[in-house]
1. In region 28-54, what residues are under 27 Å from residue 122 (Cβ atoms) and either in contact with a strand residue (DSSP E or B) (Cβ under 9 Å, 6 or more places away or on another chain) or at pLDDT 85 or above (or both)?
2. Provide a single number: the residues in region 318-336 that are touching a strand residue (DSSP E or B) at 6+ places or on another chain (Cβ under 6 Å) and free of Cβ contacts under 8 Å to residues at least 60 places away in the same chain.
3. From 178, 136, grab the single residue that is modelled with pLDDT of 85 or more and within 18 Å of residue 98 (Cβ to Cβ).
4. Test each condition in (1) touching a strand residue (DSSP E or B) at 6+ places or on another chain (Cβ under 7 Å); (2) under 19 Å from residue 66 (Cα atoms); (3) in the same structural domain as residue 100 (by TED's automatic domain parsing) for residue 299 and report the one that comes out false.
5. Within region 111-138, which residues are surrounded by fewer than 23 Cβ atoms within 10 Å (Cβ to Cβ) and more than 30 Å from residue 204 (Cα to Cα)?
6. Tell me which residues, restricted to region 228-258, are surrounded by fewer than 20 Cβ atoms within 10 Å (Cβ to Cβ), under 22 Å from residue 101 (Cα atoms) and in contact with a helix residue (DSSP H, G or I) (Cβ under 9 Å, 6 or more places away or on another chain).
7. Among 220, 200, which is surrounded by fewer than 16 Cβ atoms within 10 Å (Cβ to Cβ) and at pLDDT 90 or above?
8. Considering only region 143-156, state which residues are within 16 Å of residue 195 (Cα to Cα) and touching a residue at least 40 places away in the same chain (Cβ under 8 Å).
């Protein structure tokens, strides 16, 4: 399962985002380090269910909207010097190692300082936060590389030395794959002899590895109270950047659960359908104004951007019955699997289960009822039957 991590300074709204995205109760407070131990939960990427194009009954979507499970991690807030262990820095950085992508939550309203302490709105500097997490990660990784470089130097004396392998072993704990290490090395110039590497080489390698193994989406939170000019400037600093109101998303989900509004996470607007007070209506109308400006609350957009754009995933639906699009129990489109763009039917088979992948025989495109080759490139929304000896 894809894993996303929420990162940023204390009190930027990470826990509110987490609570809204997972519908999980967590401690939320207007002071630094409300979160100490990482919160773990399940959120969802949103896509269109294939059932919309067929006359079938599907109980695994909501009005044609399919929500695909994704892990979400809310870690302790980050303060300057975290890579040196300041604050809860080591705990924060360790928690990020298994994340596929990072959602950097920025206090776009500027009502907290660098330490996460409350200040008057606009006194904080959101521009410093945009690259803050990346910088701390890169400095932390530079330190890891530098502290362990002597091991690489010793291995280089062996005739069978391979720098890709050596660096992969060194950075296993960071969550970087060998292919990411290789791509990082190809993107930089470096001495053949590891003994000749300088501090600048360590820093460049850390930057390249971070970019590939921990890509980032910036979430400009508190957009409902931020200066629009600030949001425009932030958008020019980083792409992708998503304006968001985590508190607004949480309010809408709570209202929807009480049937006060008609709303699905990721909708661009909502409809009031229950009896609400004047105060509630006023609050909801403010949320709607922001949604009209940015196409939603930004919470679902941030998750979708990370999953489908940054991590380049597609959603594929494995079935047992290619005619009815059901499993062996008759359930329609029971599973939705996220695969990296360019994946093949055999990749899908392994994603379902290793035994099914190892026993792979062929696949059938359920839309056409035709057998497809094992090197066929799958697309978003494909419905596939895997035939396997398993």
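The values are calculated or read from the model by the stated rules, or taken from the named source; none is laboratory data. On a predicted model such as this, the values are computed, not experimentally measured, just so you know. Glycine gets a Cβ as well: all are built from the backbone with ideal geometry, and neighbour counts include every protein chain shown.
1. Result: 30, 31, 32, 35.
2. The qualifying residues number 2.
3. Result of the check over 178, 136: 178.
4. (1)
5. 111, 117, 118, 119, 120, 121, 122, 123
6. Residues satisfying the conditions are 237, 240.
7. The unique qualifying residue is 200.
8. Those that are within 16 Å of residue 195 (Cα to Cα) and touching a residue at least 40 places away in the same chain (Cβ under 8 Å): 145, 146, 149, 152, 153.
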